[in-house]
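Everything below concerns the one structure shown next.
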Amino acid sequence: MAATNIEPWLFLIKPYEGESLSHFLGRFRRANHLSASGLGSLAGIGAVVARWERFHFNPRPSQQELEAMSATGFAYASVVEVDANRLAQMLPPAEVGMQYEPIRLCGACYGENPCHRIEWQYKSVWKCDRHQLKLLAKCPNCEAPFKMPALWEDGCCHRCRMLFAEMAKQQKS
């Protein structure tokens, strides 16, 4: 006998201050063992989640798509339990150009708040405004380019395992 009215049980993840949508969606998917397409299916928005995780915001996520991801839009009850307006804050401002690659990072910021910040990908930003350090575009130890933030599981380089926070010691001012 198969149960037909089973609602999904999702683990809630709170967004960090300044966190990029890519990093948040990756953390949420890992906590709930979901693929990007699985999360998009749950929210009823399809394959756009994978595009958002790669910072491809053209077209920009609509208010309806963000509401579908938020607590107000999911047919069962909720998906990410984060308000649509809070999700919108994880996006770049509409008038700001994005640098899709390379993925950039400030190790000092990551050490204080373990998340990828959306402003690191702005075309106009090349150094951290808090620490006055040049943003890293690759691991200073093995020179591997950083993976997209949705794939950052352990806060370290995927190749040599150097911690992102430790990379701050090798950042230039």
statement: When every residue in region 140-173 that is in contact with a Lys or Arg (Cβ under 8 Å, 6 or more places away or on another chain) and within 21 Å of ARG27 (Cα to Cα) is compared, the one least open to solvent (accessible area, probe 1.4 Å) is ALA150
query: Exactly one of (1) part of a loop (DSSP other than H, G, I, E, B); (2) open to solvent by 30 Å² or more (accessible area, probe 1.4 Å); (3) not hydrophobic (A, V, I, L, M, F, W, C) is unmet by PRO92. Its number?
result: (2)
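Looking only at residues that are among the basic types (Lys, Arg) and free of Cβ contacts under 8 Å to residues at least 40 places away in the same chain in region 28-68, which one is least open to solvent (accessible area, probe 1.4 Å)?
Checking each candidate, the answer is ARG51.
Which one of TYR110, TYR122 is under 18 Å from the mean Cα position of the chain (by Cα) and surrounded by fewer than 21 Cβ atoms within 10 Å (Cβ to Cβ)? Even if it seems obvious, please write down each step before you answer.
On the way: TYR110 fails: surrounded by fewer than 21 Cβ atoms within 10 Å (Cβ to Cβ).
It is TYR122.
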query: Hey, among the residues in region 69-89 that are of a type in the set (Gly, Ala, Ser) and open to solvent by less than 50 Å² (accessible area, probe 1.4 Å), which one's modelled with the highest pLDDT?
result: ALA88
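Quick grid of which residues meet (1) within 20 Å of GLU53 (Cα to Cα); (2) free of Cβ contacts under 8 Å to residues at least 40 places away in the same chain:
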| position | (1), (2) |
| --- | --- |
| GLU112 | no, yes |
| ILE118 | yes, no |
| LYS123 | yes, yes |
| LYS134 | no, yes |
| ALA137 | yes, yes |
| PRO140 | no, yes |
| GLU143 | no, yes |
| LYS147 | yes, no |
| GLU153 | yes, no |
Residue ID - surrounded by the most Cβ atoms within 10 Å (Cβ to Cβ), chosen from residues in region 16-27 that are at negative phi and in a loop (DSSP other than H, G, I, E, B): SER20
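I'm trying to understand the selection: among the residues of region 126-139, which are in a loop (DSSP other than H, G, I, E, B) and either among the aliphatic types (A, V, I, L, M) or open to solvent by less than 100 Å² (accessible area, probe 1.4 Å) (or both)? Write out each step before concluding.
Filtering region 126-139 for residues in a loop (DSSP other than H, G, I, E, B) gives 126, 128-133, 135, 137, 139.
If the condition is that a residue be in a loop (DSSP other than H, G, I, E, B) and either among the aliphatic types (A, V, I, L, M) or open to solvent by less than 100 Å² (accessible area, probe 1.4 Å) (or both), then CYS128, HIS131, GLN132, LEU133, LEU135, ALA137, CYS139 are the ones that fit.
The values are calculated or read from the model by the stated rules, or taken from the named source; none is laboratory data. Quick caveat: nothing in here was measured; it's all calculated off a predicted structure. We place every Cβ from the backbone using ideal geometry, glycine too, and count neighbours over all the protein chains shown. The protein model used for the area step is the full one, side chains on, heavy atoms only, and it has no ligands, DNA or RNA in it. Shrake-Rupley method; radii C 1.70, N 1.55, O 1.52, S 1.80 Å.
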